[in-house]
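Data block below; observations after.
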Amino acid sequence: MQSKEVTIFSKTGLESKMAARLIQKASSYEANIWIQKGERKANAKSLLGLLSLGISPGDNITIITEGRDESIALSELEAFANNGMVD
């Protein structure tokens, strides 16, 4: 299991469109991927889970990966978040 804290730079935070982009990216990996904000954690491949976290612009989140391709998933998702959720 690996984790990394990142800041959300997208102008709208993690609303439905940005969450859908993150889900699409996360779903391309075999690893289990979670997003944690404070004490709450959600599956990064679940729209309802991500929206329930209420992530706003400038919030710090932790990306947690576990599984076969966890290292590459964490590295690429960190870059994705740092680029404002744009490939």
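List of remarks:
- Annotation note: of 23, 63, 55, the sole residue that is in a loop (DSSP other than H, G, I, E, B), touching a residue at least 12 places away in the same chain (Cβ under 8 Å), touching a Leu at 6+ places or on another chain (Cβ under 8 Å) and not acidic (Asp, Glu) is 55.
- In this structure, residue 74 qualifies as modelled with pLDDT of 95 or more, over 17 Å from residue 20 (Cβ atoms) and not in a strand (DSSP E or B).
- Enumeration of residues in region 1-19 that are surrounded by 14 or more Cβ atoms within 10 Å (Cβ to Cβ) and without any contact (Cβ under 8 Å) to a residue 40 or more places away in the chain: 15, 19
- Of the residues in region 51-59, none is out of contact with any helix residue (DSSP H, G or I) (no Cβ under 6 Å at 6 or more places or on another chain), surrounded by fewer than 17 Cβ atoms within 10 Å (Cβ to Cβ) and β-branched (Val, Ile, Thr).
- Residue tally, condition assigned to a strand (DSSP E or B) and under 16 Å from residue 85 (Cα atoms), over region 35-52: 1
- Every residue from region 43-71 that is among the aliphatic types (A, V, I, L, M), within 19 Å of residue 7 (Cα to Cα) and more than 9 Å from the chain's Cα centre (by Cα): 51, 53, 55
The values are calculated or read from the model by the stated rules, or taken from the named source; none is laboratory data. These numbers were taken from a predicted model, which means no experiment stands behind them. Cβ coordinates were reconstructed from backbone atoms using ideal geometry, including for glycine residues, and neighbour counts include every protein chain displayed.
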